[in-house]
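Every read-out reported here was derived from the displayed coordinates using simple, explicitly stated rules and does not represent laboratory data. All figures in this text were calculated on a predicted structure; none of them were measured in a lab. Every residue, glycine as well, gets a Cβ built from its backbone with ideal geometry; the counts of neighbours run over all protein chains shown.
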Amino acid sequence: MSYWNKWIAFVALAVSTALTPAHAQNYPTRAITLVIPFAPGGSTSIVGRGIADKMSELLGEKVVVDNRPGAGGTVGTKAVARSEPDGYTLVLGYTGTLAIGPSLYKNVGYDPRKDFAPIGMIGNAPNSLVVHPSFPAKTVAELIAYAKANPGKVSFGSAGAGTASHITGEYFARTAGITLVHIPYKGTGPALTDLLGGHIPMAFAPIPASHPSVTAGSLRALAVTSTTRSGLLPEVPTMIEAGLQGFDASLYYGLAAPAGTPRPIIDRLNKALRDALASNEVKKQLGNDGTEITPGTPEDYVDFIDKDEKKWSQLVKASGVQQE
């Protein structure tokens with residue numbers, strides 16, 4: 001490189017560095033895109049849209065939701081990892097994409113620890129094991145007995161290959177000593193639509209998405225996958241209560257930006273997120289959908305992503321469902 005080219009590069013870097021604080025201080029100046037890597041109707045959309053609406057109000061700029069489903073949520077997540085780190089493209093982080101996908105797929109296209117700048121956690125919600133009312137099993141014990149009597153003939157739907165609902169189903173089958181046939185969908189919404197229509201007998205679905213149908217009686221909940229009962233479905237037992245010792249498969253949500261996003265922008269977004277989670281309307285909305293709010297710092301979310309990935313990677317390997 002010539003002296004002149006080096007000088008131009010140095011000046012460009014200096015100008016860019018000098019402008020970064022100003023840009024961060026004025027941020028945001030235009031609409032922000034929040035990528036939800038699943039189809040509309042699932043738990044991620046329910047949680048993400050509630051957060052986006054309140055953050056739009058707090059930031060003074062629209063936070064536009066962009067649903068980008070595919071490959072268990074990894075398509076949309078990878079797109080954000082490769083986006084410009086300017087704070088205008090964010091992703092709804094999720095157990096399925098940041099903790100399961102990297103172990104499930106050999107070439108997922110991103111590193112959950114290196115390719116994102118975590119903004120903060122939103123909350124967590126357990127999955128629910130729900131069945132069509134016509135399915136003969138009314139308890140987990142009856143389901144296990146039925147599956148053992150009909151090996152390979154009981155199917156379950158999930159939000160897609162590699163999602164938390166998929167691995168939870170494999171985890172359940174392994175723990176119960178039964179064989180289930182997995183039917184992947186492009187999101188929880190489509191899976192529940194087929195379940196409601198009687199096209200599949202059962203599914204694992206986050207409570208925020210399943211509880212309206214359970215409450216209406218159009219689906220029957222056999223268990224929740226957390227270690228304690230859900231306040232939204234207090235009459236539904238946990239898997240542990242149903243006889244599966246140590247069973248725990250809760251889902252966690254958070255916000256993240258591409259790695260390299262300036263820290264002042266991350267801090268601005270974290271404050272807006274925490275203020276949104278502290279608002280009465282968001283508390284009510286997420287509470288009604290069975291999501292327990294768990295706000296925190298960017299560092300809290302960094303640590304959690306690391307721990308969550310380690311936990312679920314072990315479940316993925318134990319389930320033997322790794323894909324190319």
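Over all distinct Cα-Cα pairs of the range 161-290, the Kirkwood formula returns a hydrodynamic radius of 16.9 Å. Of the peptides 260-267, 94-101, the ranking by mean beta-carbon count within 10 Å, highest at the top, reads 94-101, 260-267. Calculated mean residue ellipticity at 222 nm for the chain: -14000 deg cm²/dmol, from DSSP H runs with n ≥ 4 weighted as -39500 (n - 2.57), summed, divided by the residue count and rounded to 500.
Under 18 Å of direct C-alpha separation, and excluding same-chain neighbours fewer than eight residues apart, Lys186 reaches these lysines: Lys78. Residues of the range 124-140 falling in the label zone of Arg229, defined by backbone nitrogen less than 14 Å from a point 7 Å along Cα to beta-carbon, are absent. Distance in nm between label sites at Asn288 and Asp111, each 7 Å beyond Cα in the beta-carbon direction? Each label point is offset 7 Å from its Cα along the Cβ direction, giving 4.3 nm. Remark: the Asp66-Asp300 segment gains 81.7 nm on full extension, using 0.36 nm per residue and subtracting the alpha carbon distance. For Lys138, a cut-off of 23 angstrom between C-alpha atoms picks up these lysines, skipping any fewer than 8 places away in its own chain: Lys148, Lys153.
Ignoring aspartates and glutamates fewer than eight residues from Lys284 along the same chain, the ones with Cα atoms less than 16 angstrom from its Cα are Asp53, Asp275, Glu292.
Computed as a quarter of the hull surface, the mean projected area of the alpha carbon convex hull for the chain stands at 17.4 nm².
Residue-wise HN-Hα couplings along the range 298-313, as the Karplus relation 6.51 cos²θ - 1.76 cosθ + 1.60 with θ = phi - 60° gives them from phi, are x, 5, 4, 6, 4, 5, 5, 4, 4, 5, 5, 5, 5, 5, 6, 5 Hz; Gly and Pro carry x. Label-to-label distance, Leu58 versus Gln245, with points set 7 angstrom from Cα along the beta-carbon direction: 4.3 nm. Stretched out straight at 0.36 nm per residue, the stretch from Arg263 to Ser279 would grow longer than its current Cα-Cα span by 3.3 nm. Simple spin-label estimate for Lys153 and Thr139 gives 2.3 nm between the two label positions (7 Å along the Cα-to-Cβ direction from each Cα).
According to the Kirkwood expression over distinct Cα-Cα pairs, how big is the hydrodynamic radius of the range 35-74, in Å?
Computed over the range 35-74, the radius equals 10.4 Å.
Of Arg220, Arg30, Arg274, the residue with the greatest mean-square motion in the GNM of the chain, using alpha carbon springs below 10 Å, is Arg30.
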